[in-house]
Structure formats: C-alpha cells, structure tokens
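Let me begin by presenting the structure, written as structure tokens, before commenting on it.
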Amino acid sequence: MMEPVSPSGSAPTSKVSLQSVSKRHGRHLALDAVSLEIPVGSFCVIVGPSGCGKTTLLRILAGLDTPSEGRIEIADPSPGQPSNSMVFQGDSLFPWMTVWENAAYGLRMRGVAEDEVTAVVTRFLEKTGLMAARDRYPHQLSGGMRQRASIARAFANDPDILLMDEPFSALDEQNKTLLQQELLRIWEETRKTVVFITHSVDEAVTLGDQIVVMTAGPGRIKAVVDVGFPRPRNVLELRHDPAYGELVYAIWGQLREEVDRARAGKGN
Amino acid sequence: MTTIITPAKNITQPIWWTAFTSDRAISIVSPIALLTVWEVCARLGFLDERFFPAPLHIVAHMLDMAGSGGLWDNVGASLYRLGVGLLVGGIPAIAIGLAMGLYHPVRAALDPLISATYPIPKSSLLPLILLIFGIGEGSKIAMVAIGVFYPVVINTAVGVRQLPPIYLDVGRNFKASSWNTFRTIALPGAMPLIMTGIKLGAGMGLVLIAIAEMVGAKSGLGYMIWNAWELFDVTTMYVGLFVIALIGFIMNSALDAIERRLIPWKNA
C-alpha cells in the first residue's frame, strides 16, 4: 500500500484516489479512465445503471480484481488493521458456519486472540440484533437477518475501508429501510470510509456524503454530487424533506439518459 | 356456490399410523417379507435346501459360529482391513481432491491420470497388487484403499468446484491463508459430496475386501466364503454373505449418522 496522495489545494485528505483507472475484459471495456477521490471518513455512494462496471470498480478496490490501466492509491490503515472488508451482494455467508462463526471469520483469519474475538463479535451481533440467533445457520435466517450478519462480519473485522456491493438490493422495502437506518447508526459511531454501490437513487441520497453517478458501458464517471444533509440522519425524516426529493430528481436527471443509452445498447 | 376448504383428512389420523407407514417402517418390513417367503419356500421344498438353505437354518448356523468364536475372527480381520483401507485410501483422496478443486495446475496434472485409471475394474488389479504387496495384510488393505480412493477423490474435487465462487472471494477479502482456505472453505463446502464419495467408497471397499480375501488369505469373510465353497459347506457360505450384507447396512447407517453430525447446516 502507498502513502496518501498529497491533497492539492484545500481538498480533504483522500483515503482512496483513483487516477484514470480502466478495466478491460478481453475486448470489452468495463471501466474507462475513472478518476475519483474518496475523502477519509466519508460515505461515498456509487450509483449507476446495471452493467456500468460499479461492481468491477469495487472488486478492484477490494483487491479481488486488478485494473488494466491507471493508478490507485489507497492510504495505509493503522498498523494491524485490515485495509478493507467487503459486504458482498447476495448470499455470501458461509452456510456451514453459524452466525457467530461467520461474524468472527475475519478476526479469526487474522489470528486475533479468542477473548477479543468474543468481545468484538458480541458487540456487533448486539448492534445488528443477532445475538439471539448467534448459533443459527444461515439457512435458518430470513434474508434481512442474513444481510445483517454479513454487515456484522465486515464491521467486526474493523477494516479501514468498508466496501458494500448492493447489500440491500435483494431485500423488501421495509427491511431495506430498517437496515439503511441500522447501517447509518453503526457507521455514525465508527465513521469509517465507506464505498457503497447501489442502483437505487433513493438509497444513494439517503446514505451518502458524496454520490458518484456512473455512465453505462463503458463505465465512466458522469457526475460527483455532494450531499449536504446533516448527520446523524433519520431515514424516514429525511425522505420527508423537500430537499431530498429535489436531489433525487436531479440525480435521476443525470442517470436517465444513461439508463436509456444502456437500454439502446442492449437492443443492438 | 360456496367453496368450503377444510383441513386435509390425514391431519386427523392418529400419529402412530403416520409413523407406521413411514419410509423407515417400510424399509424394515420389506427384507423381512422377502426372508419369510424364502423360509416358506425352502421348508415346503419349492427351493432346494442344498443350494438355498432356509434363512432360519442360516441364522442358527451363524449363532453357532458366533458362539465358537470362529465367525468373530473372520469378521474382525475383514473389518480391520476395511477400516485401515478406508483411512489409507480416503485421507489422501480428500487432500488431493481439495487441491484439485482449488488449483488449476493440480487439476490439469491429475485429472487425465484419474480419468484414465478410473474405469479399470478394481478387482482386475488384484494380481498386480499381490505382486507388489505380497500375500499378507498389505495387499488386502491396498485393494480397499484403491476402491475408496476413486469415488472420494472425484467427489471431493467436484464438491470444491461446485462451490459458488463468492465463498472464495470472501476468503480472499478476509485474508484467509491457503491452509485456512482449505480448512474453512473448501473442506466444509465440499463435505456433502465428500460424504457421498466416502459412502460409495466404503461400499466399493466391502466388495473388494471380499474378493481380495478369496485369493491367498487365511482369514476374513471372503476367505470364509471361499473356504466354505471348497468344502461345499453351503450354509457357512450364506452366513458369510449375510454377515457382509449386515456389515454393509450397519456401515451405511453409521455413515449417515456421521454425515448428519458433520453437516448440521445442510437443510434436513
């Protein structure tokens, strides 16, 4: 890992800095010269139509994929702290482990002492309301509980950066709203740098400090929008705010032509 | 018209009835029924008792042999060879199967060897095995081990390969070492298919131990059967067959119990 890039002017220190990052899968260009600064401790939401390379971008940040071109600088975490942990899209809990074992996975892989594992896992299972279900296996949980366990696993690992790949997309509306609120509550306590991917504009405006709008195939950055809503945020109250509606409308305006373009592209 | 929906009739039936008609009851009744028919036919002279002694005669003879201790020596010898062969063949098969499932080069190197040698009837290897391992315990154990090895290695490799790749991504993201990827992801993830392989392998081992003991052995159930054939002691031959069938049944039930223990997360 590299030293943080020296910020130009008065910009806040970046945790992640992408400079003209491109990714090619064979002849298909998934990401085209993406440049982005993600400030330390900010909640960055990347929103875009499906197939815009958002997941590719996140996988590159997670170290699960490599860029074809460009440069990525990720500031070093504190000594002993993992650089990032990912909340994956869909079911990623190990079916052969209980909720407890899943949540403890990252810590155990890092060889953290078992009494500390117990303390940390207990804390995050309590925060996510899963203590009572600690000995259950994933197939015995509802979809919402599984996603909470997956979030607990990532938070318990205490990463410097939290990467979230459409973590709520498979959930129903009620569960989604509740989990967004829970996520905000936990995040507001820890203030980690978050990179969150979604295709939902509402979700982006609800959660983010910074919204990155991406274009479809090849993935490019269309706009970066700052969200000024104060924290802590209340998800329901926020949606009642007229400024919320305006921002959602504005971002939809940015996205709409991209969605249309993506559709036209698929029709070819 | 009014449609009236009432609970299905069988809900009101007594519990003992549903228990009685359960699969388990049927699977106990069917062999007993077959033996009863055999018994009656033998007693009434429809079957030649020289070739098909009545089951009760066989059971009586079995008890005699068990009382004199001769049966137990042979059962013990066969079970010992079977047990050691299961371990000698099964453990490397699991290790190699996991490596084949996880690493492309290992698979590329071993797959052709395994595919080419798998169709060789294992019993046809007996002369070669006798040549290599001699006439003692080694050749018997080797036969069982070969029989166990193939189904376990093939099922293990398939078990790892059919794991959703997301689990390996989780392992990489949480910095699991190679050993931990083996231990916490590949092994438990492939466990359902590994157990299937072990069950097939144990059955194959039982077949092969009986064959191996018929040639150049001085103990074991195979030896007992072959010796009885040479002495035209048909009832003892049947005792051998009955005991092998019984061992097969007990072994399968034991493996089922182990499977339930090892894979508590599999939906029952």
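Side notes on the structure shown:
- Check on B:N155, out of contact with any Asp or Glu (no Cβ under 6 Å at 6 or more places or on another chain) and under 16 Å from B:G222 (Cα atoms): no
- Considering (1) farther than 25 Å from B:M224 by Cβ; (2) under 17 Å from the mean Cα position of the chain (by Cα), the lone condition that B:G147 does not fulfil carries the number (1).
- Evaluated against (1) under 30 Å from B:H57 (Cβ atoms); (2) under 12 Å from the mean Cα position of the chain (by Cα); (3) surrounded by fewer than 15 Cβ atoms within 10 Å (Cβ to Cβ), B:W229 falls short on exactly one condition, (2).
- Being away from chain B (no Cβ under 13 Å), surrounded by fewer than 20 Cβ atoms within 10 Å (Cβ to Cβ) and free of Cβ contacts under 8 Å to residues at least 60 places away in the same chain is a description that does not apply to A:S50.
- If only residues of region B:42-64 that are surrounded by 13 or more Cβ atoms within 10 Å (Cβ to Cβ) and of a type in the set (D, E, K, R) are counted, the one that is farthest from B:V234 (Cα to Cα) is B:R43.
- Exclusive hit being surrounded by fewer than 22 Cβ atoms within 10 Å (Cβ to Cβ) and among the hydrophobic types (A, V, I, L, M, F, W, C), set A:L163, A:L179: A:L179
- Taken over region A:228-267, the criterion of being within 23 Å of A:L57 (Cβ to Cβ), out of contact with any helix residue (DSSP H, G or I) (no Cβ under 6 Å at 6 or more places or on another chain) and modelled with pLDDT of 90 or more is satisfied by A:A250 alone.
- For region A:120-135, the set of residues classified as of a type in the set (S, T, Y) and in contact with a Lys or Arg (Cβ under 7 Å, 6 or more places away or on another chain) consists of A:T128 only.
- Helices (runs of 4 or more DSSP H) (entirely within region B:106-194) containing at least 1 residues that are within 28 Å of B:M251 (Cα to Cα) and more than 14 Å from chain A (Cβ to nearest Cβ): B:126-133, B:137-161
- Condition check for B:L71: surrounded by 13 or more Cβ atoms within 10 Å (Cβ to Cβ) and more than 20 Å from B:L193 (Cα to Cα): yes
- Filter result (farther than 30 Å from A:G143 by Cβ and within 14 Å of another protein chain (Cβ to nearest Cβ)) within region A:75-91: A:P77, A:G80, A:Q81
- Residue match in region B:86-93 (condition: surrounded by 17 or more Cβ atoms within 10 Å (Cβ to Cβ), without any contact (Cβ under 8 Å) to a residue 40 or more places away in the chain and not aliphatic (A, V, I, L, M)): no
- Scanning region A:48-55 for residues that are of a type in the set (K, R) and not assigned by TED's automatic domain parsing to the domain that holds A:R24 turns up nothing.
- Residues in region A:226-261 that are among the aromatic types (F, W, Y) and part of a helix (DSSP H, G or I) were compared, and the one that is nearest to A:V213 (Cα to Cα) is A:W252.
- First in region B:216-237 and within 17 Å of B:S78 (Cβ to Cβ), second anywhere and among the aromatic types (F, W, Y), Cβ under 8 Å, 6 or more apart: B:A217/B:Y223; B:M237/B:W229
- Residues being outside any helix (DSSP H, G or I), of a type in the set (S, T, Y) and touching a Lys or Arg at 6+ places or on another chain (Cβ under 9 Å) - total across region A:62-119: 5
The values are calculated or read from the model by the stated rules, or taken from the named source; none is laboratory data. Not measured: the values here are computed from a predicted model. Every residue, glycine as well, gets a Cβ built from its backbone with ideal geometry; the counts of neighbours run over all protein chains shown.
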